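Structure record follows, encoded as structure tokens.
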């Protein structure tokens, strides 16, 4: 177990429960407000809820994960930083999470940084917790979208990041659960690269019509960070 300083927030991480650039990008993209009720699915060590607390301090954040160690780390972080009134860690399988833990149609924004790879595809990490975080062993895109559909208020927003090769799966799953894709941003390491990530917004009960936003570029031609990416990390 290690600690990481997120501004004034001291958070706990481990070899199996860490975070990457995609978590920062999704938190930046999510657009939560101080009056938002948020649920972060597949929260891991809780980096996305903690970024929200650092930057915005929403009204309430539910942080859901199926892995006990991840929720234990987040619970320690919450206690360390006196965030008990803002973040509620929830150890649960999102596929059958009871309403006693989180009532349906009560959430303004659902964020999700789900496992990117289908079960059996690519190289699965030797560590079981890492494999669960990266491969659809315990939940799929369909599971995430179905859960978001149950939790969101009418007009609520699902904010998700995923890999470009799964875009068709994500859009189909959102629509199957009455969440209409409304905007998408592709993320590029540089202008010469293919996109490696997309950030998508869906609206529960929304009408059809999706905007493709201008791309997010992380590095300039000289390999330095772009102004937008540097601002994100501030």
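Where a number appears in this text, it was derived from the coordinates with a stated rule and is not lab data. Keep in mind that this is a model prediction, so the values were computed, not measured. Glycine also receives a Cβ, built like all others from the backbone with ideal geometry; neighbour counts cover every protein chain displayed.
Per the helix-only calculation at 222 nm, which mean residue ellipticity applies to the chain, given -39500 (n - 2.57) for every DSSP H run of n ≥ 4 and division by its residues, nearest 500 deg cm²/dmol? The partial results should precede the final answer.
Working: 7 runs with 67 residues, N = 234.
Per the formula, -8500 deg cm²/dmol.
How high is the relative contact order of region 1-128, in percent, with contacts defined as C-alpha pairs under 8 Å that are six or more residues apart? It would help to have the intermediate numbers written out before the result.
Values: 193 pairs, mean separation 34.9, N = 128.
Worked out over region 1-128, it gives 27 percent.
For region 63-186, what number results from the quotient of the Cα radius of gyration and 2.2 N^0.38 Å?
Working it through for region 63-186, the quotient is 1.10.
Cut-off 18 Å, label point 7 angstrom out along Cα-to-Cβ of residue 106: give me the residues of region 36-58 whose amide nitrogen falls inside.
Within reach of a label on residue 106: 36-42, 58.
In nm, give the distance between the simple-model label positions of residue 226 and residue 118, each being 7 Å from the Cα along the Cα-to-Cβ direction.
Label-label distance for residue 226 and residue 118, simple model: 3.1 nm.
Rg (Å, one decimal) plus Dmax (Å, integer) for the alpha carbons of the chain?
For the chain, the Cα-based Rg and Dmax read 16.8, 53 Å.
With a cut-off of 8 Å between alpha carbons and a minimum separation of six or more residues, what is the relative contact order of the chain in percent? Before the final figure, lay out each step's value.
Working: 476 pairs, mean separation 36.8, N = 234.
Relative contact order here is 16 percent.
Rounded to whole Å, give me the distance from the Cα center of region 2-53 to that of region 200-221.
Using only Cα atoms to place each centre, the spacing works out to 21 Å.
Quick check on packing: order 63-72, 81-90, 38-47 by the mean number of other C-beta atoms within 10 Å, highest mean leading. If you can, show how the numbers build up before the last one.
Values: 63-72: 20.9, 81-90: 17.2, 38-47: 27.5.
Highest to lowest by the protection proxy: 38-47, 63-72, 81-90.
With the cut-off at 1.5 for a/c, could you classify region 141-234 from its C-alpha gyration tensor as rounded, prolate or oblate?
In terms of gyration-tensor shape, prolate.
Give the span of region 191-230's Cα atoms along each principal axis, as three whole-Å numbers ordered largest to smallest.
Sorted from largest, the Cα extents of region 191-230 read 44, 20, 13 Å.
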